[in-house]
Amino acid sequence: MQSQSMEFQTEAKQLLHLMIHSLYSHKEVFLRELISNASDALDKLRFEALTDASLGGGAELAVRVKLDKAAKTITISDNGIGMTRDEVIENLGTIARSGSKAFLEKMTGDQRSDSNLIGQFGVGFYSVFMVAGSVKVVTRRAGGDAGAVMWESSGESSYTLSGAEREGHGTDVIIYLKDDEIEYAEAWQARSLIKKYSDFIAFPIYLPNDKGEEEAVNQTKPLWLRAASEITPEQYEEFYHQALGGHGKPLCTMHNKAEGVLEYSSLLFIPAQPAFDLFSYERKHGVKLYVKRVFIMDNCKELLPEYLRFVRGVVDSEDLPLNVSREMLQKNATMERISKALVSKILGKLKELAESEPQAYKDFWKNFGAALKEGLHSDYENRDKLLELARFQSSMGDTADDLASLKQYVGRMREDQKEIYYITAETRDIAQKSPHLEIFRAKSIEVLYLVDPIDEWVIGGINNYEGKPLKPVNRGDLDLGPLGKEEAEKQEAAKSELRGLSGRIKEILADLVEDVRVTSRLKDSPACLVAGANAAGAHIEKIMKAMGQEVPAAKRVLEINAEHPIIVNINARNAENPAAPELEDWVRLLYDGALIAEGRPAEDPAAYSKRVNAMLAKVTQGG
Ligand code: ADP
């Protein structure tokens with residue numbers, strides 16, 4: 001094959017430029033990245049060999065690291081799947097990984113945090129250029145009869161491809177170290193880095209010892225198959241970092257061996273911090289599936305429901321056949337049973353955490369609550385458990401940090417209270433200042449603040465908690481039942497007193513409101529808007545509008561506060577002269593005021609502003 005020079009894709013160039021010119025610490029991770037690639041290649045080979053007998057039965061699958069101080073080279077070889085010429089171009093000439101893209105986006109130019117980012121994202125193959133002046137990759141694809149290919153580059157803007165010789169399938173990465181990085185060719189250094197970063201790689205990593213004999217440096221017995229009693233917390237943590245790409249200390253570690261009807265081992269971690277891709281569809285991490293110690297796939301979606309996507313770990317099944325396909329996993333009874341058991345383990349662990357370490361649980365909820373809440377909607381079977389785990393802001397809390405569980409809410413309910421009240425709003429501030437809360441405040445009834453965009457959707461699926469219905473404060477006729485007894489008579493009187501005004505307001509706002517009625521929910525505000533009992537919530541309407549969706553124009557009910565001076569005065573003027581022209585301005589201002597209190601714009605902002613100005617002109621006259 002003729003040697004051919006090719007340009008890196010633009011994004012790859014950017015990443016390479018960063019590697020070469022901007023990152024000076026954490027350089028050692030290059031070895032971890034290359035060994036991890038080699039291990040992936042071995043996994044892929046073993047997986048393909050399950051269905052293609054011609055690929056199996058060869059030499060032991062292993063990674064070999066060779067050092068040559070004189071030549072200043074490190075060579076990392078594997079006898080894995082290898083790459084065809086096209087695959088080399090695709091894999092080593094572009095960046096296709098979401099992780100690397102996200103890394104590029106997050107780069108701030110701040111050296112220290114960027115180095116940490118490298119640790120977090122694991123930016124892969126290109127990290128080799130932090131230490132390499134140039135790199136050669138010789139690779140040959142398993143199966144098929146294409147020969148070997150050599151890729152060469154100094155990491156600047158281009159690379160060269162040419163034909164090469166290689167015995168058998170696999171890949172050699174030959175690193176030509178920069179002059180000031182030759183310490184990486186020291187055996188003690190390489191050994192300690194492999195121990196530090198690659199100890200849990202499932203294939204042996206061979207490095208020549210002092211006598212020149214090959215020696216496996218890593219532990220190859222999978223951690224999850226060892227007895228929990230023999231594993232230290234540090235080992236778990238190392239595994240979490242090395243094998244699962246986790247960071248820092250995991251919040252919870254769950255190591256189990258199931259025996260009996262189902263036989264599998266699981267080692268799961270709940271991270272302390274969310275990954276950058278918690279809400280992205282290209283998520284890489286999750287739970288890895290192994291069958292009888294053979295790696296089958298990363299991020300096996302059949303193992304855990306979406307809402308537990310932040311959990312990382314390994315599941316190794318003895319019952320599944322080795323040649324499982326993705327299609328087969330989808331409706332597989334064994335998978336379903338494993339998944340059910342895992343979910344129950346995880347939810348149980350979270351419950352335990354909530355009880356024993358409420359502060360740690362609160363932090364967990366802040367990081368992952370939004371994901372976990374999705375389960376309230378999708379996992380009917382575990383709804384009760386999830387409801388116990390859910391936390392909300394509440395009118396009883398002083399700050400957004402004070403979260404309440406439904407259990408706490410119920411424990412604090414007034415004796416005569418039958419329902420759990422909540423308000424959905426865009427922010428805590430809007431919720432707190434909502435006129436709808438006035439009566440609740442006056443009566444010391446707690447209201448939950450649902451301020452997460454998905455809350456309204458989630459809560460829609462929950463009718464009650466422990467037999468107590470969940471009720472939005474701004475929908476339907478508010479019936480505080482016996483709580484409002486003393487008000488009931490007053491309200492009857494007010495209703496007849498304001499009958500005329502209510503009718504007149506309804507006339508004026510005919511296009512905008514469905515009805516006008518005297519309220520029992522206001523104390524300080526003159527009026528508020530209430531959705532019909534079956535209408536979508538105000539908040540959801542707003543979200544739909546923001547998403548450019550048609551929102552059915554559901555008219556709402558304007559409720560007026562009979563005791564408020566504005567209403568009293570308007571009522572007097574209406575009684576005096578229902579045709580008074582200023583009545584219309586006042587009523588429209590009242591309506592706009594109610595909208596603005598919800599965080600919405602006035603119906604017609606220009607007209608609103610004109611009315612306010614006209615009134616200001618009047619009151620400021622001579623003032
Ligand atoms: P990642 O490994 O996270 O996908 P990298 O940048 O490290 O990202 O590698 C890009 C791709 O190059 C890999 O996904 C893989 O397809 C290919 N690759 C890298 N190293 C090897 C190897 N030793 N054997 C086979 N393929 C490899």
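The values are calculated or read from the model by the stated rules, or taken from the named source; none is laboratory data. Computed from a prediction, not measured in an experiment: that's the story for all the values here. All Cβ positions, even for glycine, are placed from backbone atoms using ideal geometry, and neighbour counts span all protein chains on display.
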**Item:** Sole residue being crowded, with 16+ Cβ neighbours inside 10 Å, modelled with pLDDT of 90 or more and outside any loop (DSSP other than H, G, I, E, B), chosen from LEU18, LEU42, LEU61
**Value:** LEU42
**Asked** Among the numbered criteria (1) crowded, with 18+ Cβ neighbours inside 10 Å; (2) away from the ligand (no atom under 16 Å from the Cβ), which single criterion is violated by ILE35?
**Response** (2)
**Request:** Restrict the check to region 69-77 and report whether at least one residue is surrounded by 21 or more Cβ atoms within 10 Å (Cβ to Cβ), within 12 Å of the ligand (Cβ to nearest atom) and either of a type in the set (Gly, Ala, Ser) or assigned to a strand (DSSP E or B) (or both).
**Result:** yes
**Message:** Suppose we filter GLY170, GLY163 for residues that are touching a residue at least 60 places away in the same chain (Cβ under 8 Å) and surrounded by fewer than 17 Cβ atoms within 10 Å (Cβ to Cβ); which single one remains?
**Reply:** GLY163
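Quick grid of which residues meet (1) more than 13 Å from the ligand (Cβ to nearest atom); (2) touching a Lys or Arg at 6+ places or on another chain (Cβ under 6 Å); (3) in the same structural domain as THR253 (by TED's automatic domain parsing):
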position	(1), (2), (3)
VAL131	yes, yes, no
ARG141	no, no, no
SER192	yes, no, no
LYS196	yes, no, no
ALA202	yes, no, no
PRO233	yes, no, yes
**Item:** Conditions (1) surrounded by fewer than 21 Cβ atoms within 10 Å (Cβ to Cβ); (2) touching a residue at least 24 places away in the same chain (Cβ under 8 Å); number of the one not met by SER496
**Value:** (2)
**Asked** In region 145-157, what residues are modelled with pLDDT of 95 or more and more than 21 Å from LEU177 (Cβ to Cβ)?
**Response** ALA148, VAL149
**Asked** Within region 522-570, can you find the residues that are part of a helix (DSSP H, G or I), at pLDDT 70 or above and buried (at least 21 other Cβ atoms within 10 Å of the Cβ)?
**Response** ILE567, ILE570
**Message:** What are the pairs with Cβ atoms under 7 angstrom where one residue, in region 606-619, is farther than 9 Å from ASP585 by Cβ and the other, located anywhere, is β-branched (Val, Ile, Thr) and part of a helix (DSSP H, G or I)? Sequence gap at least six, or different chains.
**Reply:** none
**Request:** Collect the residues in region 409-427 that are under 14 Å from GLN393 (Cα atoms) and either surrounded by 15 or more Cβ atoms within 10 Å (Cβ to Cβ) or at pLDDT 95 or above (or both), keeping them in residue-number order.
**Result:** TYR409, ILE420, TYR421, TYR422, ILE423, THR424, ALA425, GLU426
**Request:** Could you look through region 147-178, keep only residues that are in a strand (DSSP E or B) and charged (D, E, K, R), and pick out the one that is nearest to the ligand (Cβ to nearest atom)?
**Result:** ASP172
**Asked** If a residue has to be assigned to a helix (DSSP H, G or I), touching a residue at least 40 places away in the same chain (Cβ under 8 Å) and more than 10 Å from the ligand (Cβ to nearest atom) to count, how many in region 6-15 make the cut?
**Response** 3
**Prompt:** Would region 428-450 turn up any residue that is crowded, with 17+ Cβ neighbours inside 10 Å and among the charged types (D, E, K, R)?
**Reply:** yes
**Item:** ALA185, sole failed condition from (1) modelled with pLDDT of 95 or more; (2) of a type in the set (A, V, I, L, M, F, W, C); (3) within 16 Å of the ligand (Cβ to nearest atom)
**Value:** (3)
**Complete:** Considering residues that are without any contact (Cβ under 8 Å) to a residue 24 or more places away in the chain and either surrounded by fewer than 16 Cβ atoms within 10 Å (Cβ to Cβ) or polar (S, T, N, Q) (or both), the number found within region 227-238 is 7
**Asked** Is there any pair linking a residue in region 30-56 that is within 24 Å of LEU177 (Cα to Cα) to one that is surrounded by 17 or more Cβ atoms within 10 Å (Cβ to Cβ) and among the charged types (D, E, K, R), with Cβ under 6 Å and at least six apart or on different chains, and which?
**Response** ALA38/ASP78; ALA41/ASP78
**Item:** Residue check, GLN219 more than 27 Å from the chain's Cα centre (by Cα), surrounded by fewer than 19 Cβ atoms within 10 Å (Cβ to Cβ) and either in contact (Cβ under 8 Å) with a residue 40 or more places away in the chain or not in a strand (DSSP E or B) (or both)
**Value:** yes
